[in-house]
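Read the figures in this text as sums done on the coordinates, not as results from a lab. Computed from a prediction, not measured in an experiment: that's the story for all the values here. No Cβ is skipped: glycine too gets one built from the backbone with ideal geometry, and neighbour counts run over all protein chains shown.
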Amino acid sequence: MKKGKTKLTRHDAERLFEGLPAGKARVSSRPENPFEAGIRDVVARVDDEATLWKDNLITLPMSIELPAGYESLSRMREAMARAWRVKWVREGQNEVVAEFPEGWTAVRPENGPIELRDPSGVVRALYGWATDAELRILPRYLVEPQANSSSGLGSLLVRDRATGQILERSSTWSARTASSHPDWARLLAWLRLRYPLHEDPLEYWEDCNENVQD
């Protein structure tokens, strides 16, 4: 009884594969992974796509507010490429796409212009969304206004924007602001004496100096 039952079961099992093409048997020392080839293909495709999309691509206005000493837009872009290690990818009618080093970001606050920030979070440039917007690159040292909300008067200070340290400040508070402030000429002279190239937004920054020297 047992032998007959075994023979019948084997026969039934063989009938399940009737009509299928005969394949070549492959002997291997370890079992094959049926998904191995597919996984390799997927990884290769993901790697290819990763080369097409970069997180450090930033869209900027076509126009740049030229600082003193830069006579043309092309000269300014060349200087930015050297100092910031930025690569100009493509141009549109009113904008240009640039590839920045790792860590640079464009942040849009709730109010005000878009802030171009370096890896340490320092705002290096400002720009708006309008079609005629200009990129304004900020220097490391400059005279800034300081307002007193309670009195309505204003003061001036010189700040190191890389460290946030206040280097000099005005001695008086006045209703007159900016260049009309009584201490404007004094602070500007103080700044020019210590940092004669302060109007160049690519000077005095450590990363700019290192990149230009390399």
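A cut-off of 5 Å between modelled amide H atoms, ignoring neighbours fewer than 5 places along the same chain, links Leu135 with Ser63, Ile64, Glu65.
Find out how many positive minus negative residues lie around Ser155, taking Lys and Arg as positive, Asp and Glu as negative, among other residues whose Cβ is under 14 Å from that of Ser155. Walk me through the numbers before you get to the answer.
Values: positive: Arg159, Arg169, Arg176, Arg186; negative: Glu144, Glu168, Asp183.
Its environment carries a net charge of +1.
Neighbour counts of C-beta atoms inside 10 Å place Glu199, Glu102 in the sequence Glu102, Glu199, starting with the fewest. With the simple spin-label model, which puts each label point 7 Å out from Cα in the Cβ direction, the Asp214 to Val97 separation comes to 2.4 nm.
Gain on full extension, evaluated as 0.36 nm per residue between Leu57 and Glu78 minus their Cα-Cα distance, stands at 5.8 nm. The slack in the chain from Asp132 to Trp190, taken as 0.36 nm per residue of separation less the alpha-carbon distance, amounts to 17.4 nm. Among the trypsin sites (Lys or Arg not before Pro) found in the range 125-188, those both in a DSSP coil and sparsely packed, with 14 or fewer other Cβ atoms within 10 Å of their Cβ, are Arg176.
The calculated FRET efficiency for Ala106 paired with Ala178, based on their beta-carbon distance and R0 = 25 Å, is about 0.35.
Given their separation in residues at 0.36 nm each and the Cα-Cα distance between them, Leu167 and Leu153 gain 3.0 nm when the chain is fully extended.
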